[in-house]
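Taking it in order: structure first as structure tokens, then the write-up.
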Amino acid sequence: MQAQLQLDLKNLNLKMMNMCQHNFQELFQALLHLKIMRTFIDGVLRFGIPPKFFMGIIKPTRNSDAKIMQKLTDVFAEEHLKDMYGQKAWFALNASMTGLEETAKRGDHISS
């Protein structure tokens, strides 16, 4: 009896893990679609850029995020706004007042 219950438990556990894995993949795919749609809608409606533009995902290696941000700023930033990019002083000050210092360090305010 106990062996049968353990076998049933193992089978149900396996089924649950397979179902969770499949549903996680579906949820993750839906989340990415929402992020892409938000980027497109924000770009076109909020910022007024033409609807023909490039969106991409960058996966930085460890400790290379500052270098990537600098290269992106050099390539894409408008000349008169380059000094503004990468400056976290205002955000860090604001974060220290609201208790979000860790968020300021990670740079989570860059994208959502």
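The values are calculated or read from the model by the stated rules, or taken from the named source; none is laboratory data. Since the model is a prediction, treat every value here as computed from it, not as a measurement. Neighbour counts are summed over all protein chains in view; Cβ atoms, including those assigned to glycine, are modelled from backbone coordinates with ideal geometry.
So which residues in the range 36-51 are surrounded by 11 or more Cβ atoms within 10 Å (Cβ to Cβ) and in a loop (DSSP other than H, G, I, E, B), if there are any at all?
Selection gives Ile49 alone.
Could we say that Arg62 is assigned by TED's automatic domain parsing to the domain that holds Phe76 and surrounded by fewer than 10 Cβ atoms within 10 Å (Cβ to Cβ) here?
Details: assigned by TED's automatic domain parsing to the domain that holds Phe76: yes; surrounded by fewer than 10 Cβ atoms within 10 Å (Cβ to Cβ): yes.
Yes; evaluated as a whole, the condition is true for this residue.
Pick out the one residue from Ile36, Ile49 that is touching a helix residue (DSSP H, G or I) at 6+ places or on another chain (Cβ under 9 Å) and within 24 Å of Leu72 (Cα to Cα). Full working, then the answer.
Working: Ile36 fails: touching a helix residue (DSSP H, G or I) at 6+ places or on another chain (Cβ under 9 Å).
Answer to the check: Ile49.
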